[in-house]
Amino acid sequence: MRLVSSLSLLCAAIFQHVMIGSSSVAAFSVPQHATTSNSRVVSSSTQLYVKRQPIKMPSTTPMVPYKPPGSDYAQFIDIYSRMYRERTMLIGKFIDESEANNIISILLYLRKEDPEGPISLYFNVPGAIMRPGLAVYDLINQMKQTMEISTVNLGLCSGMGALLAGAGTKGKRSAMPNSRFLLQRTGMDTPFRGQASDIGLEVANLKRSNDNLEFELSKMTGQSVERIQNDLKRDFYLSSEEAVRYGLIDKVLLPSPRKRASEGGPTDLGTFEGDDDQKYQGQDNRGGFGGGWKDESARNRKGEEDDDDDDDGEPKTQK
């Protein structure tokens, strides 16, 4: 009988622990008479101690539903694989040898699936090693001969990341309004040890790679090599608008003036409203607050009112 009572108390404590929720950790003490039959009963109640843990965001890759073509059921896949199926890539890590191999393998797969389909690349790259970055750059240049590759700088593109953001198809290179570019020369990736002659060869090879980087930037932006070399003597920061004037990208993505989804068109990140002057919602900068007599529509309305007065047949009097 004593054993049955102890088991019932233990089950009640476990049930109360489950009802508290998975976000808290409960530690309960088992009565002494539940551990051994020969022990003396100290207390017939069970003490429950609860310590709540803070709820944390999941650290794993988010999973989203995806319904394969011809299937009746949807399956959960990681969000990056879902974006790959739409020929969209988000590059947001430091590009080393491993990351460069992943990017190259995905680009090669997308080219195999559709050799002429467009690809969208979104960059938020804190930096990159020169040689793996140049490998990705060469592949992008090769692929954009047969397909359209659009690039978008979301936040910051440093070093080789800025070069990759400007490697897209002409007219399809863009950036968000608050994004920035950092152009800089690169040094040795890792400390190099060896004889003096070997170190000299490594330094000479690194200098040729930096010269090649300056030449590619000159060809991409239309700036002279001398200006590129002068700008890269120190870290050279560019805002999105400065990058357009420098020739690194083509446009800045501003908020869309109208909701394309309501008009039946695709929803985009934004549009660039003209080259010379900015227009609010595609309209001329006339009217609105402070328009007054300068507003042509106001003058037309005034003319219509005068015509209405003439229709009344009453002579105009001046007070």
Query - helices (runs of 4 or more DSSP H) wholly inside the range 113-224 that include at least 2 residues being more than 19 Å from PHE236 (Cα to Cα) and either in contact with a helix residue (DSSP H, G or I) (Cβ under 8 Å, 6 or more places away or on another chain) or modelled with pLDDT of 95 or more (or both) - result: 130-143
Query raised in the report: Filter the range 43-88 for residues that are among the basic types (Lys, Arg) and loosely packed, with under 11 Cβ neighbours inside 10 Å; which is modelled with the highest pLDDT?
Result: LYS67
Requested in this report: Confirm whether GLY168 is under 22 Å from the mean Cα position of the chain (by Cα) and free of Cβ contacts under 8 Å to residues at least 60 places away in the same chain.
Outcome: yes
Query - Enumeration of residues in the range 106-150 that are of a type in the set (Gly, Ala, Ser) and either open to solvent by 10 Å² or more (accessible area, probe 1.4 Å) or under 12 Å from LEU163 (Cα atoms) (or both) - result: SER120, GLY127, ALA128, GLY133, ALA135, SER150
Query raised in the report: Any idea which residue in the range 228-261 is modelled with the highest pLDDT, counting only those that are open to solvent by 70 Å² or more (accessible area, probe 1.4 Å) and touching a helix residue (DSSP H, G or I) at 6+ places or on another chain (Cβ under 8 Å)?
Result: GLN229
Query raised in the report: In the range 212-231, how many residues are under 24 Å from GLY171 (Cα atoms) and either β-branched (Val, Ile, Thr) or touching a strand residue (DSSP E or B) at 6+ places or on another chain (Cβ under 8 Å) (or both)?
Result: 4
Report summary line: Cβ pairs under 9 Å, 6+ apart or interchain, first in the range 72-85 and without any contact (Cβ under 8 Å) to a residue 60 or more places away in the chain, second exposed (fewer than 14 other Cβ atoms within 10 Å of the Cβ) and in a helix (DSSP H, G or I), ordered by first then second residue, are ILE77/ARG85; TYR84/TYR109
Report task. Please state which of the following conditions GLU214 fails to meet, knowing it meets all the rest: (1) touching a residue at least 60 places away in the same chain (Cβ under 8 Å); (2) open to solvent by less than 50 Å² (accessible area, probe 1.4 Å). Result -> (1)
Query raised in the report: Which members of the range 175-211 meet the condition of being open to solvent by less than 10 Å² (accessible area, probe 1.4 Å) and in contact with a strand residue (DSSP E or B) (Cβ under 9 Å, 6 or more places away or on another chain)?
Result: ALA175, SER179, PHE181, LEU183
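The values are calculated or read from the model by the stated rules, or taken from the named source; none is laboratory data. What you are looking at is a predicted structure, and each value in this text was computed from that prediction instead of being measured. Note that we place each Cβ from the backbone using ideal geometry, even for glycine, and neighbour counts take in every protein chain shown. Protein only, heavy atoms only, side chains kept; ligands, DNA and RNA dropped before computing areas. Shrake-Rupley method; radii C 1.70, N 1.55, O 1.52, S 1.80 Å.
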